[in-house]
1. Angle, helix 117-126 long axis vs. longest principal axis of the chain, Cα atoms, 0 to 90°, nearest 10?
2. As I understand it, the value is the acute angle between the Cα axis of helix 2-12 and the longest principal axis of the Cα atoms of the chain; what does it come to in degrees, rounded to 10?
3. How big is the charge dipole of the chain about its Cα centre, in debye rounded to the nearest 20, if each Lys and Arg gets +1 on its Cβ and each Asp and Glu gets -1 on its Cβ?
4. Answer with one residue from Val53, Gln200, Gly137: the one whose Cα lies farthest towards the positive end of the charge dipole of the chain, charges on Cβ with Lys, Arg +1 and Asp, Glu -1.
5. Each residue of the stretch 160-171 in turn: what ³J(HN,Hα) in whole Hz from Karplus with 6.51, -1.76, 1.60 and θ = phi - 60°, glycine and Pro shown as x?
6. Please state the charge dipole magnitude for the stretch 37-135, taken about the Cα centre, from unit charges on C-beta atoms (+1 on K and R, -1 on D and E), reported in debye and rounded to the nearest 20.
7. Once Lys and Arg get +1 and Asp and Glu get -1 on their Cβ, which of Ala190, Ala69, Gln213 lies farthest toward the positive end of the dipole of the chain?
8. How much of the calculated P(r) for the stretch 127-233 lies past 24 Å, in percent of all Cα pairs?
Amino acid sequence: MKQLLVVVVFAMLGVTHLAQQPSSTVLARIDHLVYATPDLQLGVDAIEKRLGVKATAGGQHPGLGTRNALIALGPTSYLEIIGPDPEQPKPSAPRRFGIDDLRAPRIVRWVVKSSDLAAVAATAARAGVTLGPIASGNRRRPDGVVLAWRYTDPAVVVEDGLVPFFIDWGSSPHPALTAAKGATLTQLRAEHPDAPRVQQMLDALGLDLRVSQTSAPAIIATIDSPRGRVELR
């Protein structure tokens, strides 16, 4: 009844939008963006030059041959700069995110929060989208705190990475809490040669990421930073 009265009052005042909380937008659901680089320091330097924020050291991914550095993009979202770890031997399998074949840093994946990975995987399967098995991961922060998570397999790449993988941090502190501050994600969009097909998959997963038709796939983040508003690909 109260909501109806609000709508009536707004209509009388000539206001065209309703005083309601918006549905969960794609920005609220983003956990992190994966900015892969052939050399971690190269990636950190490139982002500092663009944003004016120096990434905080994250940690090693044991057995995977990678390590990362982080910049918070909000209270529970961040930019992960990830590259080869010189302190680990080269893994027998290719490093994730196509790192071994990269010539320059770029955003290769986006990751969505979920507290029910099994339900997400089931929804995706019904829509004909294969997210891969649910697995576990961990890394140790420089302060010794071990972070552990569960996620749908990031090695499964759907539509050039424009369909995200999903992550659940469980009881671990979110990485954004200790990541470098100063940047805010304001928009995320995507481009793909077959935009309608990718859009259909994202819609089936309840993700309102807009996909434009272009000749090459891309994930584009708009970030407010000390250097102003920056578009990062």
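1. 70 degrees
2. That helix lies at roughly 70 degrees to the long axis.
3. Working: 25 positive and 21 negative charges, 72 e Å.
Its charge dipole is roughly 340 debye.
4. Selected residue: Val53.
5. Once rounded to whole Hz, the list reads 6, x, 6, 7, x, 9, 10, 9, 10, 7, x, 8.
6. 240 debye
7. Final value for the positive-end residue is Ala69.
8. On the way: 2305 of 5671 pairs.
Considering the stretch 127-233, 41 percent of its Cα-Cα pairs are separated by more than 24 Å.
The values are calculated or read from the model by the stated rules, or taken from the named source; none is laboratory data. Values in this document were obtained by computation on a predicted structure and should not be read as measured data. Using ideal geometry, Cβ is built from the backbone for each residue, glycine included, and neighbour counts are taken over all protein chains shown. SASA here: full protein model, heavy atoms, side chains in, ligands and nucleic acids out. Shrake-Rupley method; radii C 1.70, N 1.55, O 1.52, S 1.80 Å.
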